[in-house]
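Engineer: What follows is a single structure, and I will ask about it in a moment.
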Amino acid sequence: MTDSYTGADLFVDALERYGVRHVFGNPGTTELPLMNALSASDVEYVLGLQEDIATGMAAGYASTRRYHADRDSSIRPVGVANLHVTPGLAHGLGNVFGAMYGGAPVVVTAGNHELDFRHEEPILTGDLEKLVEQFCKYSAEVTHVEALPMLVRRAFRTALTPPTGPVFLALPADVLMTETDAAPERLGPIPDAGRGDPTQIETAADAFVEADRPVLVLGDQVARAGTGAIEAAIELAESAGCRVHGEILASEVNFPTDHDQWVSFIGPSEGIASALMNTDTLALVGCSTNTTLLRHENPLISEETTTIQLSSDAFEVGKNHPADAAIVGDPGHVMREIATLVSDRLDEDERTARLDTVANAKASLESTMKALGEDEAPEGDSRASKGELVDAMRAVDPDVYVVDEGITSTFALLTRFPLHAEQYLSNKGGGLGYGLPAAVGAALAESLRDDPRRVVGYIGDGSYLYYPNSIYSAVRHDLDLTVVVSDNRNYRILKENTVKMLGGDEDGYEFVGMDFEPAVDIPANAESHGARGHLVETPEAFHDVYERALERDGTDVIDVLVHD
């Protein structure tokens, strides 16, 4: 061991200069120079027992810290993950994929073999950049220690600049061990996505004024732009008299769900999606996943519909549907400008008439939307329904911060639990195994606040069983986290999709590989990782168990049996 200053020391100093307080990872030999440098720093290493847990924790942490940064500009909301060569990076890609869809600003790093050794193809060798680049905004390998300051700065700026998302840096062991007198570069201010094209903003305002039944569909870029953008969405909806929905697979709260003009999140089936977007004027703001889960037979949006598209990502504008007004910019800035123009131009009687139409539409859709979050118990079945579970959670504490991967239990949450800005985070990418690690990362992020919120992971049993050892990381770092497992002991989503794809009804199928028989003892598994485990078999028993879990310090896992 020497006192020389190396590339690893420089990298860690850059982390500290950029406000990084935690690195999530699972180490290997090529990462040892970095681990040694971390030991002499104030950066805390958060151990995940598998690499996808590390990337999922980093993503949940980053997304939650972004909410905190909305109120404290000194916070740089970025997650940093460090993985181990080719297999470790491959293990972590599932949740790098999730971070990409969720727009989580994560700097993913991985150690690599020495540059002058790879021609021998040593164990664990692979093309790291090629492996990860399809899921990242930017990927590079640091091939010389003098390039390290610039590439680290570039990685952080790219991750944090809208549209936010993951980036990747490969860190060869010889670069990390090379002595250097270089220093970290200043990061500089991070810009927002700008104020948009004034001509297109005028076109959009005219379209809202000339509309008969304007509909506003909000995507997660709104929430990522901060609470000011959500307030701008409210201003636009009210000034234009819009019916408001959340995009398909929305994973954050982009509009308060108890607002009079809010109707619903749009479900991922063709019938519901096309019906809710069937109007003369449609605005898609900050959307990126607004298409169905399965192939749709007909266009989701009519060719006759005037379509306004606004995004911080130029690629999303006009991607799936032609745009009549196409705006690239910060959702908050642009919506506020459009709202001002519409407010000045739209007759008050017309605005009132539109709001009456919205109220009538909301009333007519209420039973349909509510039914999507309800399920009836089979005769003699004492298990809770998903709706009963959500109602009980709401009754105990409606203000918890929810990290969701309930899958078939999610719509009960979205239709029965009023959600406000920065209260909800979900798995936008759809790959199972994101929600539980993200909940651990969110709990760690909340622990940094002076007044931390209660964090609840709302996780389906199939999702939980991907990475139940995530609980170890929560316990190891003494985090306050309550995990509610909605447990129907099968992959319900696959059974539903079988019927949708192939036709018929469930009685006509012998489902293969979709039931957990024998069932996994989830409470015992949680206890093996140091948490408190609970099994709840009836809806009446849940309230007290959940209330006690929220009130106590530490990590609780509540396995709630629910029927399909």
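The values are calculated or read from the model by the stated rules, or taken from the named source; none is laboratory data. What you are looking at is a predicted structure, and each value in this text was computed from that prediction instead of being measured. Positions of Cβ are backbone-derived with ideal geometry, glycine not excepted, and every protein chain shown enters the neighbour counts. Just so you know, the surface numbers come from the protein's heavy atoms only, side chains and all, with ligands and any DNA or RNA stripped out. Shrake-Rupley method; radii C 1.70, N 1.55, O 1.52, S 1.80 Å.
Engineer: Determine, yes or no, whether Ala54 is at pLDDT 95 or above and closer than 20 Å to Leu171 by Cα.
Structural biologist: yes
Engineer: Would you mention how many residues in the range 99-114 are outside any strand (DSSP E or B), of a type outside the set (Gly, Ala, Ser) and surrounded by 15 or more Cβ atoms within 10 Å (Cβ to Cβ)? Give the derivation first.
Structural biologist: Restricting attention to the range 99-114, the residues satisfying the condition of being outside any strand (DSSP E or B) are 99-105, 113-114.
Cutting the leftovers down to of a type outside the set (Gly, Ala, Ser) gives us 100-101, 105, 113-114.
Still in the list and also surrounded by 15 or more Cβ atoms within 10 Å (Cβ to Cβ): 100-101, 105, 113.
Qualifying residue count for the region: 4.
Engineer: Something else about it: Restrict the check to the range 42-56 and report whether at least one residue is part of a strand (DSSP E or B), among the aromatic types (Phe, Trp, Tyr) and closer than 24 Å to Leu187 by Cα.
Structural biologist: Yes - at least one qualifying residue is present in the range 42-56.
Engineer: With the requirement that a residue be at pLDDT 95 or above and either on the phi > 0 side of the Ramachandran plot or among the aromatic types (Phe, Trp, Tyr) (or both), what does the range 368-403 give you?
Structural biologist: Scanning the range 368-403 gives a single hit, Tyr401.
Engineer: Do you know which of the residues in the range 77-94 that are more than 13 Å from Gly25 (Cβ to Cβ) and either at pLDDT below 95 or in contact with a Pro (Cβ under 7 Å, 6 or more places away or on another chain) (or both) is surrounded by the most Cβ atoms within 10 Å (Cβ to Cβ)?
Structural biologist: Restricting to residues being more than 13 Å from Gly25 (Cβ to Cβ) and either at pLDDT below 95 or in contact with a Pro (Cβ under 7 Å, 6 or more places away or on another chain) (or both), the top hit is Val78.
Engineer: Which of the residues that make up the range 150-195 are in contact with a helix residue (DSSP H, G or I) (Cβ under 9 Å, 6 or more places away or on another chain) and either over 26 Å from Ala37 (Cβ atoms) or of a type in the set (Asp, Glu) (or both)?
Structural biologist: Of everything in the range 150-195, those that are in contact with a helix residue (DSSP H, G or I) (Cβ under 9 Å, 6 or more places away or on another chain) and either over 26 Å from Ala37 (Cβ atoms) or of a type in the set (Asp, Glu) (or both) turn out to be Pro162, Pro163, Thr164, Gly165, Asp174, Glu179, Glu185, Asp192, Ala193, Gly194, Arg195.
Engineer: Is it the case that the range 412-427 has a residue that's aromatic (Phe, Trp, Tyr), open to solvent by less than 10 Å² (accessible area, probe 1.4 Å) and either within 22 Å of Ala223 (Cα to Cα) or under 16 Å from the mean Cα position of the chain (by Cα) (or both)?
Structural biologist: Yes, the range 412-427 has at least one match.
Engineer: Are there any pairs with C-beta distances below 6 angstrom linking a residue in the range 149-175 that is more than 12 Å from Gly7 (Cα to Cα) to a residue that is charged (D, E, K, R) and outside any loop (DSSP other than H, G, I, E, B), with the two at least 6 apart or on different chains, and if so which?
Structural biologist: Between residues of the range 149-175 that are more than 12 Å from Gly7 (Cα to Cα) and residues that are charged (D, E, K, R) and outside any loop (DSSP other than H, G, I, E, B), the close pairs are Ala170/Glu141.
Engineer: Starting from residues that are among the acidic types (Asp, Glu) and under 27 Å from the mean Cα position of the chain (by Cα), keep the ones in the range 367-390 and report whichever is surrounded by the fewest Cβ atoms within 10 Å (Cβ to Cβ).
Structural biologist: Residue satisfying both the conditions and the ranking: Glu374.
Engineer: Name the residue that is farthest from Tyr467 (Cα to Cα), counting only residues in the range 35-68 that are open to solvent by 10 Å² or more (accessible area, probe 1.4 Å) and of a type in the set (D, E, K, R).
Structural biologist: Among residues in the range 35-68 that are open to solvent by 10 Å² or more (accessible area, probe 1.4 Å) and of a type in the set (D, E, K, R), the one farthest from Tyr467 (Cα to Cα) is Asp42.
Engineer: Taking Val499 as meeting all but one of (1) β-branched (Val, Ile, Thr); (2) touching a residue at least 12 places away in the same chain (Cβ under 8 Å); (3) closer than 21 Å to Ile407 by Cα, write down the number of the exception.
Structural biologist: (2)
Engineer: Have a look at Ser73, Ser63 and point out the one that is of a type outside the set (Asp, Glu), farther than 30 Å from Pro122 by Cα and not in a loop (DSSP other than H, G, I, E, B).
Structural biologist: On inspection, the qualifying residue turns out to be Ser63.
Engineer: Among the residues of the range 511-559, count how many are outside any helix (DSSP H, G or I) and in contact with an Asp or Glu (Cβ under 6 Å, 6 or more places away or on another chain).
Structural biologist: Going through the range 511-559 one residue at a time, the tally reaches 5.
Engineer: Continuing with this model, one more query. Of the numbered conditions (1) buried (at least 24 other Cβ atoms within 10 Å of the Cβ); (2) in contact with a helix residue (DSSP H, G or I) (Cβ under 8 Å, 6 or more places away or on another chain), Gly219 fails exactly one; give the number of that condition.
Structural biologist: So the condition that Gly219 fails would be (2).
Engineer: Can you confirm whether the range 466-477 contains a residue that is at pLDDT 95 or above, in contact with a helix residue (DSSP H, G or I) (Cβ under 8 Å, 6 or more places away or on another chain), on the phi > 0 side of the Ramachandran plot and surrounded by 13 or more Cβ atoms within 10 Å (Cβ to Cβ)? Can you show your working first?
Structural biologist: So the first thing to find is which residues in the range 466-477 are at pLDDT 95 or above, and the list is 466-477.
With in contact with a helix residue (DSSP H, G or I) (Cβ under 8 Å, 6 or more places away or on another chain) added as a condition, the list becomes 466-471, 473-474, 477.
Subsequent filtering for residues that are on the phi > 0 side of the Ramachandran plot retains none.
No, the range 466-477 contains no residue that is at pLDDT 95 or above, in contact with a helix residue (DSSP H, G or I) (Cβ under 8 Å, 6 or more places away or on another chain), on the phi > 0 side of the Ramachandran plot and surrounded by 13 or more Cβ atoms within 10 Å (Cβ to Cβ).
Engineer: What are the residues in the range 222-258 that are surrounded by fewer than 24 Cβ atoms within 10 Å (Cβ to Cβ) and among the polar types (S, T, N, Q), if any?
Structural biologist: Thr227, Ser239, Thr257
Engineer: Let me ask another. Do we find a residue being part of a loop (DSSP other than H, G, I, E, B), in contact with a Pro (Cβ under 7 Å, 6 or more places away or on another chain) and not polar (S, T, N, Q) anywhere in the range 296-315?
Structural biologist: Yes, some residue in the range 296-315 is part of a loop (DSSP other than H, G, I, E, B), in contact with a Pro (Cβ under 7 Å, 6 or more places away or on another chain) and not polar (S, T, N, Q).
Engineer: For the range 267-289, check the following and say yes or no: at least one residue is assigned to a helix (DSSP H, G or I) and crowded, with 20+ Cβ neighbours inside 10 Å.
Structural biologist: Our first condition is that a residue be assigned to a helix (DSSP H, G or I); within the range 267-289, this holds for 270-276.
Narrowing the set further to residues that are crowded, with 20+ Cβ neighbours inside 10 Å leaves 273, 276.
Yes, some residue in the range 267-289 is assigned to a helix (DSSP H, G or I) and crowded, with 20+ Cβ neighbours inside 10 Å.
Engineer: Sort through Ala395, Ala359 and tell me the only one that's over 30 Å from Asn427 (Cα atoms) and surrounded by fewer than 17 Cβ atoms within 10 Å (Cβ to Cβ).
Structural biologist: Unique residue meeting the criteria: Ala359.
Engineer: Here's a follow-up. Please go through the range 176-196 and pick out each residue that is open to solvent by 70 Å² or more (accessible area, probe 1.4 Å) and acidic (Asp, Glu).
Structural biologist: Matches in the range 176-196: Glu179, Asp181, Asp192.
Engineer: Next question. Of the residues in the range 513-531, how many are out of contact with any Leu (no Cβ under 9 Å at 6 or more places or on another chain), open to solvent by 80 Å² or more (accessible area, probe 1.4 Å) and modelled with pLDDT of 90 or more?
Structural biologist: Residues meeting the conditions: 3.
Engineer: Which pairs do you get when a residue that is basic (Lys, Arg), found in the range 479-494, comes within reach of a residue that is not in a helix (DSSP H, G or I), reach meaning Cβ atoms under 7 angstrom, with the pair 6+ apart or on two chains?
Structural biologist: As it stands, the answer is Arg489/Asp515; Arg489/Phe516; Arg489/Ala519; Arg492/Asp564, since those pairs meet every condition given.
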